[in-house]
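The values are calculated or read from the model by the stated rules, or taken from the named source; none is laboratory data. Values in this document were obtained by computation on a predicted structure and should not be read as measured data. Glycine also receives a Cβ, built like all others from the backbone with ideal geometry; neighbour counts cover every protein chain displayed.
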Amino acid sequence: MTVIRSAKQMALVARRLRAQGKAIGVVPTMGALHEGHASLIRAAAVRNDVVIVTIFVNPLQFGPSEDFARYPRPFTRDLRVARAAGAAIIFSPDAHELYPEGFQTTIDVGALARRWEGQRRSGHFRGVATVVTLLFELTQPTHAYFGQKDYQQARVIQQLVRDLHLPLTVHVLPTVREPNGLAMSSRNAYLSAQERAQAAVLYQALTLARARIRAGERRAQPLLASMRRLIRRAPQTRIDYLAIVDAVTLEPVSRLRRRMAILLAVRVGPTRLIDNLLVDVS
Ligand code: PAF
């Protein structure tokens, strides 16, 4: 496995691989790799000749009061996880490689990026869309892999790829969960043992809604109310938002139809967690 730090070197290697007709699978990450990332890397390895994992804690997607400085950066461990899962190249640039002095261009995806996470985390999706576009440009993927855990992010990236006619396929793979249902996330490292146990209520609320939908409930409000009641039973939780939305537009609905996403953002202690489930009622 090769570690590349320079943007110029990465672009050269990727273009050479593409010229040789190789399929390149790219897994963009901010490091602190867990089983969710490993599942994306393994999926990329099955379908592509070369897998590039990018590890870059992107300052542009963090707000001033967010956790950029303390975001976990266990680089040596990340190399082991990526290698074991099938990565051939790690692209891990310093910030000045991606955003050199005088950098000005950003990507704004539009309505999809303004709701939910976008509304609470001003500039977040501009940062994500900008770095992902840069990473795609430098790594030249034929296939790129993202986790469903960040569902809105995945939709924003699908929209970006479509709008900019980028010649690659985006794959959104299922969320990998802890045994208690908690979605794997690098930020779970911030949870105390007690908070981690209470965080299980997020997935319980999602599966409760899904069970009621399967039993025939189609009204969003009662579903959201039962989720809210369940989450509030865990004393260290504070709900940021719960929503039932169209899975494509992310617009909230009052009655469920077609493919829906149940979205939530909840603080458990000081840590903000997001999760979601997709349901199809067509
Ligand atoms: O999901 C992440 O880890 C990041 O948002 C991404 C897509 C790597 C962009 O920095």
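Things worth noting here:
- Checking each residue in the stretch 46-62 for being outside any helix (DSSP H, G or I) and polar (S, T, N, Q) picks out Asn48, Thr54, Asn58.
- Output for the stretch 98-122, where each listed residue is farther than 22 Å from Ala247 by Cα and within 15 Å of the ligand (Cβ to nearest atom): Leu98, Tyr99, Thr106, Ile107
- Filter pass, Leu112 being more than 23 Å from Leu263 (Cβ to Cβ) and aliphatic (A, V, I, L, M): no
- Selected residue [crowded, with 19+ Cβ neighbours inside 10 Å and over 16 Å from Gly147 (Cα atoms)] from Leu33, Leu40, Leu17, Leu12: Leu17
- Selection status of Leu223, touching a Ser or Thr at 6+ places or on another chain (Cβ under 8 Å) and either modelled with pLDDT of 95 or more or within 18 Å of Pro174 (Cα to Cα) (or both): no
- Residues (closer than 18 Å to Leu135 by Cα and without any contact (Cβ under 8 Å) to a residue 24 or more places away in the chain) located in the stretch 62-100: His96, Pro100
- Selection within the stretch 140-169 - within 11 Å of Ala44 (Cα to Cα) and more than 11 Å from the ligand (Cβ to nearest atom): Pro141, Thr142, His143
- If the condition is being β-branched (Val, Ile, Thr) and buried (at least 21 other Cβ atoms within 10 Å of the Cβ), then the stretch 249-282 contributes Ile262, Val266, Val268, Ile274.
- Residue in the stretch 12-24 that is basic (Lys, Arg), assigned to a helix (DSSP H, G or I), in contact with a strand residue (DSSP E or B) (Cβ under 8 Å, 6 or more places away or on another chain) and modelled with pLDDT of 95 or more present: yes
- Within the stretch 133-184, being farther than 18 Å from Val26 by Cα, touching a strand residue (DSSP E or B) at 6+ places or on another chain (Cβ under 7 Å) and small (Gly, Ala, Ser) holds for one residue alone: Ala183.
- Exactly one residue out of Arg83, Arg73 is more than 15 Å from the ligand (Cβ to nearest atom) and modelled with pLDDT of 95 or more, and it is Arg83.
- Residue list for the stretch 206-244, restricted to those being within 15 Å of Ile274 (Cα to Cα) and touching a Lys or Arg at 6+ places or on another chain (Cβ under 8 Å): Thr237, Arg238, Ile239, Asp240, Tyr241, Leu242
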